[in-house]
Amino acid sequence: EKFIHLCNPHLEKMKEDILYHFALGTGTHDFPTLFGDVKFVCVGGSPSRMKAFIAYIAEELGLGSPGCDYPNICAGTDRYAMYKVGPVLSVSHGMGIPSISIMLHELIKLLYHAKCSDITIIRIGTSGGIGLEPGSVVITRQSVDATFKPQLEQVVLGKTVIRSTNLDEQLAKELMQCSKEIGQFNTVIGNTMCTLDFYEGQGRLDGAICLYNEEEKLQYLKNAYDSGVRNIEMESSVFAAMCNLSGVKAAVVCVTLLNRLEGDQISSSHDVLVEYQQRPQKLVGYFIKKSLGKV
């Protein structure tokens, strides 16, 4: 059994650990009873999408009745939402590195306090594609920064700390195999560029501020493509770094909503976007079913 590795010696000395942004605490909640059987954690930006995912996975695993309501475990706060069915935990993380980072600190501690073992964490999300047909799914090989380096730079106590953003290679291959078995949508393994912003940070021409031209934008995106980048989002680097440090198997599975070489605005119809967003859910749902021997 592989347990969570906490890189923090101070936690042992604390009588109680309050996970403030989840409105949960070791003094008020019995973590092993509530979460001890969790094996798969899926995280994504939006609370409604993570609620939809738990309903979907419940049905897939034969654990829920249609129309069944799943209570939000973090109902005491509006920062994040959390849902559970059987061995699957579904948690929202908001947008961007700071938001997912706060969530992950508390999620990793939650799994530790619950004495969970052999955990797999997968981020399911949306992204902008580079040189891919919209609706394609990208399984991340490495998360890279805006200069295409596979690292996360963080300032801790005034000093720059550099952390690795590699993800589990075997897990990526298993997910790719699952996608082949489903055979419903184009899936690739590629690098994912993680930026600090949606507009200038991703070379868009349609933000409130833009001081470069279209030629420069396209050159940048082509350079990204040539370095192995296939999609762009805003959470994967810190997700990979924190899972690495905690000894947790992790993957990032994002659908591309548009091809950034062809534009900046997401103009597909609502129904098309809803179907695209279900693709990572389908892939990860199938992977979980297969892992549990239910395919």
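Things to note:
- Here's the picture: charge each Lys and Arg Cβ at +1 and each Asp and Glu Cβ at -1 in region 147-295, and of 278, 256, 243 the one pushed furthest to the positive end of that dipole is 243.
- Cross-link pairs exceeding 19 Å in C-alpha to C-alpha distance, out of 39/290; 115/290; 2/149; 109/290; 2/249, comprise 115/290; 2/149; 109/290.
- On full extension, the segment bounded by residue 156 and residue 206 gains 14.7 nm, given 0.36 nm per residue less the C-alpha separation.
- Between region 123-164 and region 1-65, the Cα center-to-center distance that results, in Å: 24 Å
- Just the protein heavy atoms count here, and of the accessible area of the chain at 1.4 Å, carbon and sulfur take up 52 percent.
- Taking the chain as a Gaussian network of alpha-carbon nodes connected by springs under 10 Å, the highest mean-square fluctuation of the residues 158, 203, 285 belongs to 158.
- Cα→Cβ-extended label distance, 7 Å offset, between residue 213 and residue 290, nm: 4.8 nm
- Listed peptides 8-20, 131-143, 94-106 by packing density, highest first (mean Cβ within 10 Å): 131-143, 94-106, 8-20
- Per residue accessible area of region 48-95, 1.4 Å probe, in Å²: 46 Å²
- Ordering 198, 47, 182 by Cα displacement along the dipole of the chain toward the positive end leaves 182 in first place; charges were set at the Cβ atoms of Lys, Arg (+1) and Asp, Glu (-1).
- On the basis of the beta-carbon distance and an R0 of 25 Å, residue 147 and residue 259 show a calculated FRET efficiency of 0.65.
- Cα-based helix-to-principal-axis angle, 47-60 vs the chain, degrees rounded to 10: 70 degrees
- Sorted peptide list for 210-223, 113-126, criterion being average Cβ within 10 angstrom, highest first: 113-126, 210-223
- Most fluctuating residue given options 32, 150, 47, as computed from a GNM of the chain linking Cα atoms under 10 Å: 32
The values are calculated or read from the model by the stated rules, or taken from the named source; none is laboratory data. Given the structure is predicted, the values throughout are model-derived calculations rather than measurements. FYI the Cβ positions are ideal-geometry reconstructions off the backbone, even for glycines, and counts take in every protein chain you see. Heads up: the accessible areas ignore ligands, DNA and RNA and are worked out on the full protein's heavy atoms, side chains in. Shrake-Rupley method; radii C 1.70, N 1.55, O 1.52, S 1.80 Å.
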